[in-house]
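One structure is given below, encoded as structure tokens.
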Amino acid sequence: MRLDAKALRYMSNDDFRVLTAIEVGSRNHNIVPAPVIAQLSHLRGGGANKHISDLVKRKLIATEQNAKYKGYKLVYAGYDYLALRTLSKRGTVTSVGNQIGVGKESDIFVVAGEDESEVVLKLHRLGRQSFRNVKQKRDYFRQDQSPSWMYMSRLSAQKEYAFMKVLHEHGFPVPTPVDQNRHCV
């Protein structure tokens, strides 16, 4: 999956409010209805609908038609933007460079850190076609649960960051963990 961070600087705070509302709404809905998005984003007067249509055009969210209602769901590009915005607000990431690796579980990019040093950013992307057995192989949740792929990517990133931090503190030769947010390490 390609990460195009150019549009990130042109997005408004309200766009991110809508993306965050869809992320929060995804906890209770597979497909988040537009009224729920408007309620969670606290945008009035049809403002949420304008931002939703802009986000669909940018392919950060997807439109889904359910038997009962039309709704929206977050795609990995939108999740990437949410994570990058948080990391940039913290000062961890200032610019995104080239993609240096693609694996069955993640994409790896070169990014600039707070002091313009090169840092590696790993975006976990569980649920690709070639790697669907992760739900049986990993111990992130109970067998009777069925979480989304994005949530599993988030858990995977949190676990990797925690392990890297502990191993680095004990002197093992692992990369220096800098920061973690959502599905990014």
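The values are calculated or read from the model by the stated rules, or taken from the named source; none is laboratory data. Source: prediction; values computed, not measured. As a convention, Cβ positions derive from the backbone with ideal geometry for all residues, glycine included, and neighbour counts pool all protein chains shown. Ligands, DNA and RNA are excluded from the accessible area calculation, which covers all protein heavy atoms including side chains. Shrake-Rupley method; radii C 1.70, N 1.55, O 1.52, S 1.80 Å.
Things to note:
- Taking first residues from segment 149-171 that are in contact (Cβ under 8 Å) with a residue 60 or more places away in the chain and partners that are in a helix (DSSP H, G or I) and of a type in the set (Asp, Glu), the Cβ contacts under 9 Å between residues at least 6 apart in sequence or on separate chains come to MET150/GLU23.
- Flag for ASN13 being open to solvent by 70 Å² or more (accessible area, probe 1.4 Å), within 26 Å of LEU126 (Cβ to Cβ), free of Cβ contacts under 8 Å to residues at least 12 places away in the same chain and not charged (D, E, K, R): no
The rows are residues; the columns are (1) open to solvent by less than 40 Å² (accessible area, probe 1.4 Å); (2) in contact with a helix residue (DSSP H, G or I) (Cβ under 8 Å, 6 or more places away or on another chain); (3) at pLDDT 90 or above; (4) in a helix (DSSP H, G or I).
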residue	(1), (2), (3), (4)
VAL110	yes, no, yes, no
ASP115	no, no, no, no
LEU126	yes, yes, no, no
GLN136	no, no, no, yes
PHE141	yes, yes, no, no
ALA162	no, no, yes, yes
LYS165	no, no, yes, yes
PHE172	no, no, yes, no
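- Selection status of VAL120, in contact (Cβ under 8 Å) with a residue 12 or more places away in the chain and within 15 Å of ASP4 (Cβ to Cβ): no
- Any hit, segment 71-78, residues being hydrophobic (A, V, I, L, M, F, W, C), under 16 Å from the mean Cα position of the chain (by Cα) and part of a helix (DSSP H, G or I): yes
- Checked against (1) open to solvent by less than 10 Å² (accessible area, probe 1.4 Å); (2) part of a helix (DSSP H, G or I); (3) under 25 Å from GLN158 (Cα atoms); (4) not charged (D, E, K, R), ALA48 passes all but condition (3).
- Only one entry of GLY97, GLY91 meets the criterion of being more than 24 Å from MET152 (Cβ to Cβ) and in contact with an Asp or Glu (Cβ under 7 Å, 6 or more places away or on another chain), and that entry is GLY91.
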